[in-house]
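K.L.:
For reference, the structure I am asking about is given below.
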Amino acid sequence: MLTLSGVSAGYGSFRALFDVSIEVRPHEAVGVIGPNGAGKTTLLRTISGLVPLSAGEMTFQGNSLAGLSAHRILKHGIAHIPENRRLFPRLTVEDNLRMGAFIPNARRDFAARLAWVYDFFPRLKERRNQLAGTLSGGEQQMCAIGRALMSRPKLLLMDEPSAGLAPLLVQQVFELVGRIRAEGFTVLIVEQNVSQILDIVDRAYLLEVGNIRLAGSAATLRNHDLIRTAYLGL
């Protein structure tokens, strides 16, 4: 579905990714783990067109994404849930969801899609007229996920969904990811919470200093000495 081959990218003269190659297949969940500053967020921003490629190839369902703007990549079916949610705090929950359905295909099906999101997240329906900035952290993450789902994505990019949340809410967020997987969505998720992310993904990549250090099934990485020592404290 999504293939990155030898991708390098960064910000101006600063390069954050070096010769990165990853693959995401239909209907699977893939994790990218690693420390702060490893390039995980840059990776997702490159896929969604917010950071330009410096080198390499990036294809989605056989079509090149190189040089496409972010809104054109969204039209291809890739939705990005950014780190820290990035909601519009002075808009209501429903208006934030409406912002997720601005592409023509989603606008035509807005009412049905909104009903589906409210059925998936009943709490959002209860809060639909509440300003997004007044929601709890967990509710804001629901709203951010719901906004992305409004575009009917084929691939969902999730950047640090547990960031800044209390431990109880972190567990709830990972349960949400599990529910999204159960609905058949394809997910690429970046996360520092290594133990919990390896419980819900099929495969994972370890990204360190802009390079892929390890790749394999979730079970393989969980049992790897480097992961156990440096990330799981075992």
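What follows is calculated from the coordinates using simple rules that are stated; it is not laboratory data. Quantities reported herein were computed from a predicted structural model and do not represent experimental measurements. Cβ: placed from backbone, ideal geometry, glycine included. Neighbour counts: every protein chain shown.
K.L.:
From A66, A115, which residue is exposed (fewer than 15 other Cβ atoms within 10 Å of the Cβ), in contact with a strand residue (DSSP E or B) (Cβ under 6 Å, 6 or more places away or on another chain) and without any contact (Cβ under 8 Å) to a residue 24 or more places away in the chain?
P.N.:
Numbers: A115 fails: in contact with a strand residue (DSSP E or B) (Cβ under 6 Å, 6 or more places away or on another chain).
From the options A66, A115, the qualifying one is A66.
K.L.:
Any idea which of V190, V177, V170 is touching a Lys or Arg at 6+ places or on another chain (Cβ under 7 Å), crowded, with 17+ Cβ neighbours inside 10 Å and β-branched (V, I, T)? Steps first, please.
P.N.:
Values: V177 fails: touching a Lys or Arg at 6+ places or on another chain (Cβ under 7 Å); V170 fails: touching a Lys or Arg at 6+ places or on another chain (Cβ under 7 Å).
Step by step, each of V190, V177, V170 is checked, and only V190 is touching a Lys or Arg at 6+ places or on another chain (Cβ under 7 Å), crowded, with 17+ Cβ neighbours inside 10 Å and β-branched (V, I, T).
K.L.:
Then there's this: Run down G233, G184 and say which single residue is outside any strand (DSSP E or B), on the phi > 0 side of the Ramachandran plot, without any contact (Cβ under 8 Å) to a residue 12 or more places away in the chain and of a type outside the set (K, R). Step through it out loud before you land on a result.
P.N.:
Working: G184 fails: without any contact (Cβ under 8 Å) to a residue 12 or more places away in the chain.
Every option except G233 fails the conditions.
K.L.:
Looking at the range 118-158 only, could you name the residues that are in contact with a Pro (Cβ under 9 Å, 6 or more places away or on another chain), over 25 Å from I200 (Cβ atoms) and crowded, with 18+ Cβ neighbours inside 10 Å?
P.N.:
Across the range 118-158, the qualifying residue is only A132.
K.L.:
Give all pairs with beta carbons closer than 8 Å in which a residue from the range 195-208 that is without any contact (Cβ under 8 Å) to a residue 60 or more places away in the chain and over 23 Å from T42 (Cβ atoms) meets a residue that is of a type in the set (A, V, I, L, M) and not in a loop (DSSP other than H, G, I, E, B); count only pairs at least 6 apart in sequence or on separate chains.
P.N.:
Listed by first residue and then by second, the contacts come to D199/A218.
K.L.:
Sticking with this one: Looking at the range 45-58, can you tell me whether even one residue there is of a type in the set (S, T, Y), within 18 Å of I189 (Cβ to Cβ) and out of contact with any Cys (no Cβ under 9 Å at 6 or more places or on another chain)? Spell out the reasoning first.
P.N.:
Step one: of the range 45-58, the residues of a type in the set (S, T, Y) are 46, 48, 54.
Then keep just the ones that are within 18 Å of I189 (Cβ to Cβ); that gives 46, 48.
Among the residues that remain, those that are also out of contact with any Cys (no Cβ under 9 Å at 6 or more places or on another chain) are: 46, 48.
Checked against the condition, which is being of a type in the set (S, T, Y), within 18 Å of I189 (Cβ to Cβ) and out of contact with any Cys (no Cβ under 9 Å at 6 or more places or on another chain), the range 45-58 yields at least one hit.
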